[in-house]
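Student: Once you've had a glance at the structure underneath, I'll fire off some questions.
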Amino acid sequence: MFEIGAKFDEGWHSDNRKGKKQTTGKAASLPPEKHRLSLSREKRRGKWVTGVGPFQLGKGELQALLKALKKELGCGGTLRKDRLELQGDLGGVLRDALGRRGYRFK
């Protein structure tokens, strides 16, 4: 009459993720020559903030670039989505530093 329990045929797997592709939702990282960056400058609470982006890099690569720029320019900064924000009015020196790394601007 009734059978209690599950029937495990050959199509069943304990790993339900098998065969599915895991995507991150982002495009692959582009080389520096393919980037077209823009610089922005704004005043927040009486201090200048210089923004640069958008970058098409992975999060780890972007954090490594931010760390290197902060050390080279002697300033603080943060990562906001696909843009870098650095403390201070750094337009010219930031453009030069990224230009030496192969990045291009609009």
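Student: Pairs please, first residue from segment 46-62 and free of Cβ contacts under 8 Å to residues at least 24 places away in the same chain, second anywhere and crowded, with 19+ Cβ neighbours inside 10 Å and assigned to a loop (DSSP other than H, G, I, E, B), Cβ atoms under 6 Å, 6+ apart in sequence or on different chains.
Tutor: Close Cβ pairs satisfying both conditions: 62/55.
Student: Let me ask something else about it. Against the definition (on the phi > 0 side of the Ramachandran plot and modelled with pLDDT of 95 or more), how does residue 74 come out, yes or no?
Tutor: On the way: on the phi > 0 side of the Ramachandran plot: yes; modelled with pLDDT of 95 or more: yes.
Yes, satisfied.
Student: Moving on to the next point. Can you tell me which of (1) in contact with a helix residue (DSSP H, G or I) (Cβ under 9 Å, 6 or more places away or on another chain); (2) at pLDDT below 95 is the one residue 68 doesn't meet?
Tutor: Failing condition for residue 68: (2).
Student: Here's a follow-up. Any idea which of (1) surrounded by 12 or more Cβ atoms within 10 Å (Cβ to Cβ); (2) without any contact (Cβ under 8 Å) to a residue 40 or more places away in the chain is the one residue 87 doesn't satisfy?
Tutor: Of everything listed in (1) surrounded by 12 or more Cβ atoms within 10 Å (Cβ to Cβ); (2) without any contact (Cβ under 8 Å) to a residue 40 or more places away in the chain, residue 87 misses just condition (2).
Student: Identify the residue in segment 31-79 that is among the hydrophobic types (A, V, I, L, M, F, W, C) and in a strand (DSSP E or B) and, among all such residues, is farthest from residue 101 (Cα to Cα). Show your work before the answer.
Tutor: Residues of segment 31-79 among the hydrophobic types (A, V, I, L, M, F, W, C): 37, 39, 48-49, 52, 55, 57, 62, 64-66, 68-69, 73, 75, 79.
Cutting the leftovers down to in a strand (DSSP E or B) gives us 37, 39, 48-49, 52, 79.
On the way: 37: 13, 39: 16, 48: 24, 49: 22, 52: 14, 79: 18 Å.
My answer is 48.
Student: Can you find, within segment 89-106, the residue that is modelled with the lowest pLDDT among those that are more than 25 Å from residue 28 (Cα to Cα) and out of contact with any helix residue (DSSP H, G or I) (no Cβ under 8 Å at 6 or more places or on another chain)? Explain how you work it out, then say what you get.
Tutor: Here is the first cut: in segment 89-106, the residues more than 25 Å from residue 28 (Cα to Cα) are 89-93, 96.
Checking which are out of contact with any helix residue (DSSP H, G or I) (no Cβ under 8 Å at 6 or more places or on another chain) leaves us with 89, 91-92, 96.
Values: 89: 95, 91: 87, 92: 91, 96: 95.
So the residue we want is 91.
Student: Residues in segment 49-59: is at least one surrounded by fewer than 10 Cβ atoms within 10 Å (Cβ to Cβ) and modelled with pLDDT of 95 or more?
Tutor: no
The values are calculated or read from the model by the stated rules, or taken from the named source; none is laboratory data. Quick caveat, the model's predicted, so the values are computed rather than measured. Note that each Cβ is placed from the backbone with ideal geometry, even for glycine, and that neighbours are counted across all protein chains shown.
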